[in-house]
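Undergrad: Take a look at the following structure, please.
The values are calculated or read from the model by the stated rules, or taken from the named source; none is laboratory data. Because the structure is predicted, anything quoted here is derived from the model rather than measured. Note that we place each Cβ from the backbone using ideal geometry, even for glycine, and neighbour counts take in every protein chain shown. For accessibility, only protein heavy atoms count, side chains too; no ligands or nucleic acids. Shrake-Rupley method; radii C 1.70, N 1.55, O 1.52, S 1.80 Å.
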Amino acid sequence: MRCFLVLLLLLNIGAAQAQPYPAKPVKIIVPAQPGGGLDLIGRSVAEQLGRAMSQSFIVENIAGAGGVIACQTVARAAPDGYTLMVGYVATHGTNPAVRKVPYDPIKDYTAIAMVGGTQNVLVVGLPVPVDDLKSLVDYAKANSGKLSYASGGRGSLNHLAMEQFRGAVGFEAVAAHYRGIGPAIIDFLGGQTQMMFPGLAAALPHIRAKKMKPVAITGLRRHPLLPDVPTFEESGFGGFDAVQWYGIVGPAKMPAEVTQKLNAEINRALATPAFQQRLAGDAIDPMPMKPDEFRQFIQADISRWSKLARERNISLDD
């Protein structure tokens with residue numbers, strides 16, 4: 001009888017392993033509290049994959065330590081495709097560039113699919129007597145050391161983007177770092193700081209309300225929501241093409257067929273008007289890529305910000 005039960009168990013295991021992926025619910029870890037752009041990406045992708053693959057894709061929010069806890073959880077998970085994560089510019093771009101993290105953003109993960117990104121926009125306060133990038137450059141140079149700028153925290157994308165701008169122009173400014181972009185915007189609107197480099201989604205309501213003045217936007221083209229705001233490239237500053245990006249990653253050494261299947265379904269979703277409209281609510285533009293392209297994108301982003309961090313002497317380990 002015991003031998004029969006063991007044989008039955010082995011047959012059941014073999015049958016389960018033979019089932020096409022996904023044969024059971026898949027977990028997508030979001031390295032943040034519910035709400036906001038990260039959660040939107042995780043839940044949107046989960047909904048699309050669940051519908052396309054006739055299986056449950058469940059979002060689990062794991063916040064803390066700037067995404068480190070979530071990253072470690074995923075890096076240690078079995079590489080079978082049943083634990084995924086929303087990897088984004090902080091966890092797989094800026095954080096590894098400005099501090100030592102207990103994971104390797106390349107070797108410890110399988111790059112599955114890029115989802116999309118939102119451009120950053122350089123804004124100034126209403127009292128600042130400038131209306132475009134050229135006049136801001138002249139004003140900043142003439143008032144070097146007298147201006148201040150807000151960021152959502154040391155080492156954040158909006159901090160590094162502003163340091164890139166300061167380095168390109170050559171002026172001093174006082175940095176005011178906050179615990180998140182929300183508090184930074186509140187003080188900016190109150191006049192405590194004069195400049196910011198927020199993501200477009202965070203800035204757009206205040207730009208539309210004419211409470212902050214946009215002077216230039218990152219990326220290679222103007223954004224349709226701000227068609228009158230030129231890119232840095234147009235204004236004579238190359239290299240300002242970084243975006244706040246979001247993608248899906250998994251543990252290292254995932255099966256190629258599982259990675260390709262997930263990538264194909266996510267890219268298929270990105271091509272649909274309904275999914276594009278959902279992303280547009282947070283000013284996120286679809287950025288479909290193959291897994292190898294996404295991995296190379298991550299490597300390039302880390303290299304970009306690591307180089308800037310060295311040049312501007314930015315380190316959170318100090």
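Undergrad: For the stretch 202-223, which residues satisfy the criterion of being part of a loop (DSSP other than H, G, I, E, B) and either closer than 12 Å to residue 122 by Cα or open to solvent by less than 90 Å² (accessible area, probe 1.4 Å) (or both)? Write out each step before concluding.
TA: Kept after step one, since they are part of a loop (DSSP other than H, G, I, E, B), are these residues of the stretch 202-223: 209-212, 218-223.
Matches in the stretch 202-223: 209, 212, 218, 219, 223.
Undergrad: Evaluate the stretch 123-136: report whether one residue or more is more than 18 Å from the chain's Cα centre (by Cα), assigned to a helix (DSSP H, G or I) and buried (at least 16 other Cβ atoms within 10 Å of the Cβ). Reasoning before the result, please.
TA: Quick first cut of the stretch 123-136, residues more than 18 Å from the chain's Cα centre (by Cα) only: 123-136.
When the remaining residues are screened for being assigned to a helix (DSSP H, G or I), the result is 133-136.
Pick out the ones that are also buried (at least 16 other Cβ atoms within 10 Å of the Cβ) and you get 133, 136.
Yes: the stretch 123-136 contains one or more residues that are more than 18 Å from the chain's Cα centre (by Cα), assigned to a helix (DSSP H, G or I) and buried (at least 16 other Cβ atoms within 10 Å of the Cβ).
Undergrad: Could you say which residue among 38, 49 is in contact (Cβ under 8 Å) with a residue 40 or more places away in the chain, more than 30 Å from residue 160 (Cα to Cα), open to solvent by less than 30 Å² (accessible area, probe 1.4 Å) and outside any loop (DSSP other than H, G, I, E, B)?
TA: On the way: 38 fails: more than 30 Å from residue 160 (Cα to Cα).
Matching residue, one of 38, 49: 49.
Undergrad: Another question about this same structure. Those residues that are part of a loop (DSSP other than H, G, I, E, B) and closer than 26 Å to residue 156 by Cα, I need them from the stretch 236-257; list them, please.
TA: Restricting attention to the stretch 236-257, the residues satisfying the condition of being part of a loop (DSSP other than H, G, I, E, B) are 236-242, 252-255.
Within the stretch 236-257, 236, 237, 238, 239, 240, 241, 242, 252 qualify.
Undergrad: Another question, if that's okay. I'm told residue 179 meets every condition in (1) in a loop (DSSP other than H, G, I, E, B); (2) open to solvent by less than 10 Å² (accessible area, probe 1.4 Å); (3) over 17 Å from residue 145 (Cα atoms) except one. Can you identify the failing condition by its number?
TA: Status for residue 179: all satisfied but (2).
Undergrad: Out of all the residues in the stretch 80-94, is one or more of a type in the set (Gly, Ala, Ser) and in a loop (DSSP other than H, G, I, E, B)?
TA: Step one: list which residues in the stretch 80-94 are of a type in the set (Gly, Ala, Ser), which gives 81, 87, 90, 93.
Add one more test, that the residue is in a loop (DSSP other than H, G, I, E, B), and what stays is 81.
Checked the stretch 80-94: at least one residue is of a type in the set (Gly, Ala, Ser) and in a loop (DSSP other than H, G, I, E, B).
Undergrad: Among the residues of the stretch 59-75, is there at least one that is open to solvent by 20 Å² or more (accessible area, probe 1.4 Å) and touching a residue at least 40 places away in the same chain (Cβ under 8 Å)?
TA: yes
Undergrad: Is it fair to say residue 99 is in contact with a helix residue (DSSP H, G or I) (Cβ under 9 Å, 6 or more places away or on another chain) and over 23 Å from residue 189 (Cβ atoms)? Even if it seems obvious, please write down each step before you answer.
TA: On the way: in contact with a helix residue (DSSP H, G or I) (Cβ under 9 Å, 6 or more places away or on another chain): yes; over 23 Å from residue 189 (Cβ atoms): yes.
Taking the combined requirement at face value, the residue satisfies it.
Undergrad: Next up: Any chance the stretch 104-118 includes a residue that's part of a helix (DSSP H, G or I) and either of a type in the set (Phe, Trp, Tyr) or more than 19 Å from residue 247 (Cβ to Cβ) (or both)? Please lay out each step first, then the result.
TA: We begin by selecting, within the stretch 104-118, every residue part of a helix (DSSP H, G or I); these are none.
Checked against the condition, which is being part of a helix (DSSP H, G or I) and either of a type in the set (Phe, Trp, Tyr) or more than 19 Å from residue 247 (Cβ to Cβ) (or both), the stretch 104-118 yields no hits at all.
Undergrad: Output the residues belonging to the stretch 107-118 that are open to solvent by 10 Å² or more (accessible area, probe 1.4 Å) and either polar (S, T, N, Q) or at pLDDT below 95 (or both). Reasoning before the result, please.
TA: Narrowing the stretch 107-118 to residues open to solvent by 10 Å² or more (accessible area, probe 1.4 Å): 107-111.
110, the sole residue that qualifies.
Undergrad: Restricting attention to the stretch 164-174, and to residues there that are of a type in the set (A, V, I, L, M) and in contact with a helix residue (DSSP H, G or I) (Cβ under 7 Å, 6 or more places away or on another chain), which single residue is nearest to residue 136 (Cα to Cα)? Outline the logic, then answer.
TA: So in the stretch 164-174, the residues of a type in the set (A, V, I, L, M) come out as 168-169, 173-174.
Applying the additional criterion that residues be in contact with a helix residue (DSSP H, G or I) (Cβ under 7 Å, 6 or more places away or on another chain) yields 169, 173.
Details: 169: 10, 173: 13 Å.
Within the stretch 164-174, the match that is nearest to residue 136 (Cα to Cα) is 169.
Undergrad: Based on what the data block shows, is residue 257 acidic (Asp, Glu), touching a Phe, Trp or Tyr at 6+ places or on another chain (Cβ under 8 Å) and surrounded by fewer than 13 Cβ atoms within 10 Å (Cβ to Cβ)?
TA: Numbers: acidic (Asp, Glu): yes; touching a Phe, Trp or Tyr at 6+ places or on another chain (Cβ under 8 Å): yes; surrounded by fewer than 13 Cβ atoms within 10 Å (Cβ to Cβ): yes.
Taking the combined requirement at face value, the residue satisfies it.
Undergrad: Here are some residues: 291, 227, 273. Which one is touching a residue at least 60 places away in the same chain (Cβ under 8 Å) and either surrounded by fewer than 19 Cβ atoms within 10 Å (Cβ to Cβ) or touching a helix residue (DSSP H, G or I) at 6+ places or on another chain (Cβ under 6 Å) (or both)? Full working, then the answer.
TA: Values: 227 fails: touching a residue at least 60 places away in the same chain (Cβ under 8 Å); 273 fails: touching a residue at least 60 places away in the same chain (Cβ under 8 Å).
Testing whether each residue is touching a residue at least 60 places away in the same chain (Cβ under 8 Å) and either surrounded by fewer than 19 Cβ atoms within 10 Å (Cβ to Cβ) or touching a helix residue (DSSP H, G or I) at 6+ places or on another chain (Cβ under 6 Å) (or both) leaves just 291.
Undergrad: Could you tell me which of the residues 236, 250 is within 18 Å of the chain's Cα centre (by Cα) and either open to solvent by less than 40 Å² (accessible area, probe 1.4 Å) or not charged (D, E, K, R) (or both)? Can you show your working first?
TA: Details: 236 fails: within 18 Å of the chain's Cα centre (by Cα).
The unique qualifying residue is 250.
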